[in-house]
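Trainee: Below is the structure I would like to discuss, written out as structure tokens.
The values are calculated or read from the model by the stated rules, or taken from the named source; none is laboratory data. Everything quoted here is computed from the prediction, not taken from an experiment. Cβ placement follows ideal geometry from the backbone for every residue including glycine, while neighbour counts extend to all protein chains displayed. Ligands, DNA and RNA are stripped out before the accessible areas are found, and what is left, the full protein with its side chains, is counted by its heavy atoms. Shrake-Rupley method; radii C 1.70, N 1.55, O 1.52, S 1.80 Å.
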Amino acid sequence: MRRKAYRLAAPVLAAAMLSLASVPASAGAVRDVQTEALSARLFPLFDALGRDTRTMESVRARPELAAMLRTRQQRREACAADIGCLAQAMIWTAQESALMAGAAVQPSGTSSGTSDDGAAAQAAREIEGVNAVVRTYGLGQVPRYPQIDGTGMIDPLETRSRLQAAAWLADTPRAASAQALDPSFDFALALLDASDRNDAIGFEPLAGGLNAPAMKRARTIDWKRFRYTAMIVTGVGPEVDDMSLSPFGKYHLRLAASRFAQGDVPFIIVSGGRAHPRATRFTEAEQMRKALIERYGVPADAIVIEPYARHTTTNMRNATRLLMAMGAPLDKDTVIVCNPGQSAAIESPAFVQRNMAELGYEPGKVGRRISPTELEFRPSPQSARVDPRDPLDP
């Protein structure tokens, strides 16, 4: 029945695909607060451009950009009702990305912290972020970490349904979006939404909610009283469905509680997102916080959750971002607490290379080893840089 329905709908699909060429800038545009939040989180520069009409029109009017955007439009039009073709047409080529990045400006409303290396570099990252989402969630490319990322094994008809919905959504006006520039941004956002992968905005604002007590305390803390600004407890997610904390994770918490009892660390940053196993309903940092309070009696205002990281590299980067938000001095060490194997991996030259490959920089410098389970770590302000190439953990 479903296959027949798709065949009958082909003329309608063809008409819908042809309409993708010219997304109305404002007619019928409505706010979608969830997509807005995800757009601002993943694509801050282009999201701000969508809200800055004057700058948007100025960018679109540049002859070289107008010609490039027109070529992209024609590529989409040529796909007609072929949804797979359309998804491929949304990909930015290296030449297109370079041209758009070269013309990038910093629209009003963007934070300088998201592009400390300039608007052009940030624009290039955001465009590559679009490509990463479309390839992974639209074209089925195997991601770097297939055990936790991507769509997994889904029915081909479901794949087609998600692509079709993304195409229609990219063509349906959304207020203050970058659709008038290029529909690929909303196409990527719709693919994440269709796959229920809105992880990157699940705990916003991060300074509120479960983190509010610790953030309030951080405003009055005398950092000089403590040897370290914080303890970073890395995630090590379970591989068993419906398990909230892994056996290694429980070991990490015992280590953390014991270290905290020494009194030279004012805050514990527990880091781990909704990663293991794929599509788990548990956010590791949230579960770690709960266990520290209920099992070990650690005060709530001493615990900060970092609920987005899915890799050890982003454990370090995201913890540094939270330290910045807390007002902690970055010229002071933190201490990383985890199992001996993970600790040794963080200390190794291979981890430096992994950071460079996955993040493009080191989120900080690993320092002195204190014990088999403890390392000193000096955070880097580069960690503020937004990189949407990892769309669930920007």
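Trainee: Only one residue in Arg219, Arg227 is under 24 Å from Lys365 (Cα atoms) and more than 20 Å from the chain's Cα centre (by Cα). Which one?
Mentor: Arg227
Trainee: A further question on this structure: Please work out which one of (1) open to solvent by 30 Å² or more (accessible area, probe 1.4 Å); (2) part of a helix (DSSP H, G or I); (3) touching a Ser or Thr at 6+ places or on another chain (Cβ under 8 Å) is the condition His276 fails and give its number.
Mentor: Status for His276: all satisfied but (2).
Trainee: Starting from residues that are in contact (Cβ under 8 Å) with a residue 40 or more places away in the chain and touching a Pro at 6+ places or on another chain (Cβ under 9 Å), keep the ones in segment 243-258 and report whichever is least open to solvent (accessible area, probe 1.4 Å).
Mentor: Top of the filtered list is Leu245.
Trainee: May I pose another question? Where residues in segment 359-379 are of a type in the set (Gly, Ala, Ser) and farther than 26 Å from Ala124 by Cα, which of them is surrounded by the fewest Cβ atoms within 10 Å (Cβ to Cβ)? So that I can check it myself, show each step before the final result.
Mentor: Keep residues of segment 359-379 that are of a type in the set (Gly, Ala, Ser), which gives 360, 364, 367, 371.
Subsequent filtering for residues that are farther than 26 Å from Ala124 by Cα retains 367, 371.
Numbers: Gly367: 15, Ser371: 12.
The extreme case among them is Ser371.
Trainee: Of the residues Ala81, Ala98, Ala121, Ala165, which is in contact with a helix residue (DSSP H, G or I) (Cβ under 8 Å, 6 or more places away or on another chain), part of a loop (DSSP other than H, G, I, E, B), more than 23 Å from Gly273 (Cα to Cα) and at pLDDT 85 or above? Step through it out loud before you land on a result.
Mentor: Numbers: Ala98 fails: part of a loop (DSSP other than H, G, I, E, B); Ala121 fails: part of a loop (DSSP other than H, G, I, E, B); Ala165 fails: part of a loop (DSSP other than H, G, I, E, B).
Testing whether each residue is in contact with a helix residue (DSSP H, G or I) (Cβ under 8 Å, 6 or more places away or on another chain), part of a loop (DSSP other than H, G, I, E, B), more than 23 Å from Gly273 (Cα to Cα) and at pLDDT 85 or above leaves just Ala81.
Trainee: Kindly establish whether Gln382 is at pLDDT below 90 and open to solvent by 10 Å² or more (accessible area, probe 1.4 Å).
Mentor: Values: at pLDDT below 90: yes; open to solvent by 10 Å² or more (accessible area, probe 1.4 Å): yes.
So Gln382 fits the description; yes.
Trainee: Limited to segment 239-272, what total is found for residues that are farther than 25 Å from Arg225 by Cα and touching a Leu at 6+ places or on another chain (Cβ under 7 Å)?
Mentor: Count: 0.
Trainee: Considering only segment 63-92, how many residues are surrounded by fewer than 14 Cβ atoms within 10 Å (Cβ to Cβ) and not aliphatic (A, V, I, L, M)? Don't jump to the end; show me each part of the working.
Mentor: Taking segment 63-92 and keeping what is surrounded by fewer than 14 Cβ atoms within 10 Å (Cβ to Cβ), we get 63-64, 66-67, 70-71, 74, 78.
Still in the running and not aliphatic (A, V, I, L, M): 63-64, 70-71, 74.
Number of matching residues: 5.
Trainee: Of the residues Lys332, Lys290, which single one is touching a residue at least 24 places away in the same chain (Cβ under 8 Å), open to solvent by 10 Å² or more (accessible area, probe 1.4 Å), basic (Lys, Arg) and under 23 Å from Ala257 (Cβ atoms)? Steps first, answer last, please.
Mentor: Working: Lys290 fails: touching a residue at least 24 places away in the same chain (Cβ under 8 Å).
After applying the criteria, what remains is Lys332.
Trainee: Conditions first: (1) in a helix (DSSP H, G or I); (2) at pLDDT 95 or above; (3) more than 16 Å from the chain's Cα centre (by Cα). Arg160 passes all but one, so which condition is the exception?
Mentor: All conditions pass for Arg160, except number (2).
Trainee: Applying the selection to segment 306-344, what residues are polar (S, T, N, Q) and not in a helix (DSSP H, G or I)? Steps first, answer last, please.
Mentor: Just the residues of segment 306-344 that are polar (S, T, N, Q), to begin with: 312-315, 318, 320, 334, 339, 342-343.
Of everything in segment 306-344, those that are polar (S, T, N, Q) and not in a helix (DSSP H, G or I) turn out to be Thr334, Asn339.
Trainee: Within the group Glu347, Glu376, Glu306, Glu294, which residue is of a type outside the set (A, V, I, L, M, F, W, C), modelled with pLDDT of 95 or more and touching a Gly at 6+ places or on another chain (Cβ under 6 Å)?
Mentor: On the way: Glu347 fails: touching a Gly at 6+ places or on another chain (Cβ under 6 Å); Glu306 fails: touching a Gly at 6+ places or on another chain (Cβ under 6 Å); Glu294 fails: touching a Gly at 6+ places or on another chain (Cβ under 6 Å).
Of Glu347, Glu376, Glu306, Glu294, the one residue that is of a type outside the set (A, V, I, L, M, F, W, C), modelled with pLDDT of 95 or more and touching a Gly at 6+ places or on another chain (Cβ under 6 Å) is Glu376.
Trainee: Quick check on my filter: what residues within segment 168-186 are assigned to a loop (DSSP other than H, G, I, E, B), buried (at least 19 other Cβ atoms within 10 Å of the Cβ) and not aliphatic (A, V, I, L, M)?
Mentor: Ser177, Gln179, Asp182, Pro183
Trainee: Let me ask you something else. Quick check on Ser258: is it over 21 Å from the mean Cα position of the chain (by Cα), modelled with pLDDT of 95 or more and among the polar types (S, T, N, Q)?
Mentor: On the way: over 21 Å from the mean Cα position of the chain (by Cα): yes; modelled with pLDDT of 95 or more: yes; among the polar types (S, T, N, Q): yes.
Yes, satisfied.
Trainee: Restricting the first residue to segment 192-210 and requiring it to be under 19 Å from Asp32 (Cβ atoms), which pairs with a second residue that is open to solvent by 50 Å² or more (accessible area, probe 1.4 Å) and not small (Gly, Ala, Ser) meet a Cβ separation below 6 Å and a spacing of at least six or different chains?
Mentor: Asp199/Arg274; Ala200/Arg41; Ile201/Arg41
Trainee: Does Arg51 satisfy being open to solvent by 60 Å² or more (accessible area, probe 1.4 Å) and within 26 Å of the chain's Cα centre (by Cα)?
Mentor: yes
Trainee: Which of the residues that make up segment 208-228 are closer than 29 Å to Pro391 by Cα and either surrounded by fewer than 16 Cβ atoms within 10 Å (Cβ to Cβ) or out of contact with any helix residue (DSSP H, G or I) (no Cβ under 6 Å at 6 or more places or on another chain) (or both)?
Mentor: Within segment 208-228, Gly208, Gly209, Leu210, Asn211, Ala212, Pro213, Met215 meet the criteria.
Trainee: Shifting gears a bit: If Met356 satisfies every condition in (1) part of a helix (DSSP H, G or I); (2) open to solvent by less than 10 Å² (accessible area, probe 1.4 Å) but one, which is the exception?
Mentor: (2)
Trainee: With the structure loaded, tell me whether Ala188 is modelled with pLDDT of 95 or more and either among the hydrophobic types (A, V, I, L, M, F, W, C) or in contact with a Pro (Cβ under 7 Å, 6 or more places away or on another chain) (or both) or whether it fails that test.
Mentor: Numbers: modelled with pLDDT of 95 or more: yes; either among the hydrophobic types (A, V, I, L, M, F, W, C) or in contact with a Pro (Cβ under 7 Å, 6 or more places away or on another chain) (or both): yes.
Criteria met by Ala188.
Trainee: Regarding segment 202-209, can at least one residue be identified that is in a strand (DSSP E or B) and either out of contact with any Gly (no Cβ under 9 Å at 6 or more places or on another chain) or under 30 Å from Ala123 (Cα atoms) (or both)? Full working, then the answer.
Mentor: Keep residues of segment 202-209 that are in a strand (DSSP E or B), which gives none.
No - not one qualifying residue is present in segment 202-209.
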